[in-house]
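Some notes on the structure that comes next.
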């Protein structure tokens, strides 16, 4: 039998159920990736993320070639033409069965529904799998048979249902029958132009590197994760989020390797390990939210009453925020990190998002979009979940009257101001006692902007806006 593996957000061989089953069932296997610049733009994919994607496709092609699976890149105008592309390829290459791993999001599910209907209509076999989550989306439910909208009870039920058999992912690939099809990865015109300033050496492509990064983190730093995860200057997080977001490594692989050093205990043992696994479960939680409540992937808030919020829009403030010129050092240094690394420390993502939506009182969707346009680890469900949490519009959201004070956050989590000084060169010589909120004279001497808003006044304004929307 001749099989076709359709790669999407799963650019790896390890723990890839679609690829694994294609290799088990078929003597000859071919692979495709459908690339669409237009679709990437519609979904606000970051320029640095697209570069990362292309480089990972090249490495995937090399890995697949070792077992005689050619990878064909196909140009597309967007999701709507995928069913025709797949069907035409099946007919041209006499394919017997198609394999793919599912994605989350309304657009992706509509695309897959269209492809599924087309394959059924033409009597073509297919199989799809859930490799982004441990449990099938929507299967973790309350006693009332409803999807969870709060993380803690979701996690509790997740743990109750977990067993190690779910992590049976080891597989040895054997070479497949050679095909006349050849890879076109180096001939394909991606029509990609770099317009980012991210240091890409921070994110070497390929699943081998992803595994090495995971192994190094687990062996050296994970035990201190609980203590170090909120300090942005300490390299206390794994930084594998770009590899997870782009499918270069799987959540199951991450959990399995972490459990190996915790005596296979999921919720007891080393606190750093269990807390780190929590973050993987958070990803699954947000994917379940997106699956069970499609409105969150349709530019709508989870909390319906927040549709009534009268968001402000001030171009000068928006530009100041985007460019790290708000006059609040912790906010500005975080935004500088985003531009230079394509990544931002998780604690700072919350601080920055809450400042944007509460103090600035700007629509969370504008911030969510900007993050997606700049993050190399942009994962729509997690990014959306984080922004809606911070703006108090989403599931399990922070109460609307809880508003992080950026000065307090700065003093608590960047006590010495080292993170600020690293990313805000203008303030590198400012004394640590002053670094979190420089004096007027210091700002003038360093050519650093004054604060674009008053924290107390803006906080009261946000509370009033939420109260008005709720009542």
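The values are calculated or read from the model by the stated rules, or taken from the named source; none is laboratory data. Keep in mind the model is a prediction, meaning the values are calculated, not measured. So basically every Cβ, Gly included, is an ideal-geometry build from the backbone, and we count neighbours across all protein chains shown.
Every condition in (1) assigned to a loop (DSSP other than H, G, I, E, B); (2) closer than 23 Å to residue 140 by Cα; (3) modelled with pLDDT of 95 or more holds for residue 249 except the one numbered (2). Only residues that are surrounded by 14 or more Cβ atoms within 10 Å (Cβ to Cβ) and either outside the structural domain of residue 81 (by TED's automatic domain parsing) or at positive phi (or both) were counted in segment 118-127, giving 0.
Can you spot a residue in segment 405-414 that is at pLDDT 95 or above, closer than 23 Å to residue 234 by Cα and assigned to a loop (DSSP other than H, G, I, E, B)? If you could, list the steps in order and put the result at the bottom.
Of the residues in segment 405-414, the ones at pLDDT 95 or above are 405-414.
Still in the list and also closer than 23 Å to residue 234 by Cα: 405-414.
Add one more test, that the residue is assigned to a loop (DSSP other than H, G, I, E, B), and what stays is 405, 414.
Yes, there is a match, as at least one residue in segment 405-414 is at pLDDT 95 or above, closer than 23 Å to residue 234 by Cα and assigned to a loop (DSSP other than H, G, I, E, B).
Please enumerate the residues belonging to segment 175-225 that are part of a helix (DSSP H, G or I), touching a helix residue (DSSP H, G or I) at 6+ places or on another chain (Cβ under 8 Å) and more than 30 Å from residue 27 (Cα to Cα). Those that are part of a helix (DSSP H, G or I), touching a helix residue (DSSP H, G or I) at 6+ places or on another chain (Cβ under 8 Å) and more than 30 Å from residue 27 (Cα to Cα): 200, 202, 213, 214, 215, 218, 222, 223, 224, 225.
Conditions tested, residue by residue: (1) in contact with a helix residue (DSSP H, G or I) (Cβ under 7 Å, 6 or more places away or on another chain); (2) surrounded by 22 or more Cβ atoms within 10 Å (Cβ to Cβ).
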{"residue": "9", "(1), (2)": "no, no"}
{"residue": "20", "(1), (2)": "no, no"}
{"residue": "23", "(1), (2)": "no, yes"}
{"residue": "26", "(1), (2)": "no, no"}
{"residue": "52", "(1), (2)": "yes, yes"}
{"residue": "60", "(1), (2)": "no, yes"}
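Only one entry of 98, 115, 198 meets the criterion of being over 25 Å from residue 286 (Cβ atoms) and not assigned by TED's automatic domain parsing to the domain that holds residue 395, and that entry is 98. Apart from one condition, residue 323 fits all of (1) more than 14 Å from the chain's Cα centre (by Cα); (2) in contact (Cβ under 8 Å) with a residue 40 or more places away in the chain; (3) surrounded by fewer than 18 Cβ atoms within 10 Å (Cβ to Cβ); (4) within 25 Å of residue 408 (Cβ to Cβ); the exception is (2). Here the condition is being in contact with a helix residue (DSSP H, G or I) (Cβ under 6 Å, 6 or more places away or on another chain), free of Cβ contacts under 8 Å to residues at least 12 places away in the same chain and surrounded by fewer than 18 Cβ atoms within 10 Å (Cβ to Cβ); of 428, 433, it holds for 428 alone.
Residues that are in contact (Cβ under 8 Å) with a residue 60 or more places away in the chain and either touching a helix residue (DSSP H, G or I) at 6+ places or on another chain (Cβ under 6 Å) or within 25 Å of residue 305 (Cβ to Cβ) (or both) within segment 436-449 comprise 436, 437, 448, listed in sequence order. Residue by residue through segment 87-108, note down the ones that are over 18 Å from residue 7 (Cβ atoms), out of contact with any helix residue (DSSP H, G or I) (no Cβ under 8 Å at 6 or more places or on another chain) and in contact (Cβ under 8 Å) with a residue 12 or more places away in the chain. The answer is 94, 96. Residues in segment 252-272 that are part of a helix (DSSP H, G or I) and modelled with pLDDT under 95 were compared, and the one that is surrounded by the fewest Cβ atoms within 10 Å (Cβ to Cβ) is 271.
So in segment 74-103, with the set limited to residues that are farther than 30 Å from residue 136 by Cβ and under 25 Å from the mean Cα position of the chain (by Cα), which one is surrounded by the most Cβ atoms within 10 Å (Cβ to Cβ)? Full working, then the answer.
Here is the first cut: in segment 74-103, the residues farther than 30 Å from residue 136 by Cβ are 75, 77, 88, 91-94.
Now drop any that are not under 25 Å from the mean Cα position of the chain (by Cα), which leaves 75, 77.
Values: 75: 14, 77: 12.
Taking the candidates together, the pick is 75.
Could you please find all residues in segment 380-411 being over 30 Å from residue 297 (Cβ atoms) and without any contact (Cβ under 8 Å) to a residue 40 or more places away in the chain? Steps first, please.
At the first step, the residues of segment 380-411 found to be over 30 Å from residue 297 (Cβ atoms) are 405, 407-408, 410-411.
408, 411, listed by residue number.
Of everything listed in (1) over 24 Å from residue 454 (Cα atoms); (2) surrounded by fewer than 19 Cβ atoms within 10 Å (Cβ to Cβ), the single unmet condition for residue 315 is (1). Scanning segment 111-159 for residues that are assigned to a strand (DSSP E or B) and closer than 30 Å to residue 77 by Cβ gives 125, 126, 127, 128, 129. Tally up the residues in segment 450-459 that are within 16 Å of residue 323 (Cβ to Cβ) and out of contact with any helix residue (DSSP H, G or I) (no Cβ under 8 Å at 6 or more places or on another chain), please. Number of matching residues: 1.
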